[in-house]
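Note sheet for the following structure.
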Amino acid sequence: MLDGAITPVTVFNQRYASGSDGDRAGQGTADTEQTAYKRLINCELTRQVIPLAHMADRLGVLRTKLHKVLRQGAHLDEKLRLRLFEQLQIDQTRATIAVSLLRSHLAYYDQAVFLAAEGLKGLYCEARLANQGTIQIDLQPAIIHTAAGRTYAMLMVHQARVLEANQTLFC
């Protein structure tokens, strides 16, 4: 978890990218996004106590195929990843922020990443649709700055509440 005040610098903290986080010990620094997504999916399977065979049955895919994809390095295509996210109730926006920006599947579980994802979810969904070739609105820089400003303000309010609660508990 993040210590100290939450600012844009600490929300997107480079300690995840540098590999200095103690939880990442033993992992290679040259992990691909696909590897990080697989680790996130495996973490969720473990956290929710869902055997890989049961997940394969839910998805209607061969057990051996899912095992090869998640555990033996076979390619994880986007369609299967999205189906796994849906079954495991993994927030795609938060997963993308954790894996693509912070370069750590463990960042997915960080409260600050959750808050940032919630604040940016609308903007991210529009950008993702644009990437797929179907954009609904025209994204102007003012919209992006407004969304970023609101997210930052929301994070600062949350941090103030946390500090206030800590002071109340320790007094």
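Derivation of every value follows stated rules applied to the coordinates shown; laboratory data play no part. What you see is a predicted model; the values in this text were computed from it and never measured.
Some observations on this one:
- Cα-based convex hull, segment 30-89, per residue volume (Å³, whole number): 75
- Annotation: extensible slack from L59 through N166 equals 34.1 nm (criterion: 0.36 nm per residue apart, minus Cα-Cα distance).
- Computed lengthening from M156 to Q34, 0.36 nm per intervening residue step minus Cα-Cα distance: 40.7 nm
- Computed on segment 30-89, with alpha-carbon pairs under 8 angstrom and 6+ residues apart, the relative contact order is 36 percent.
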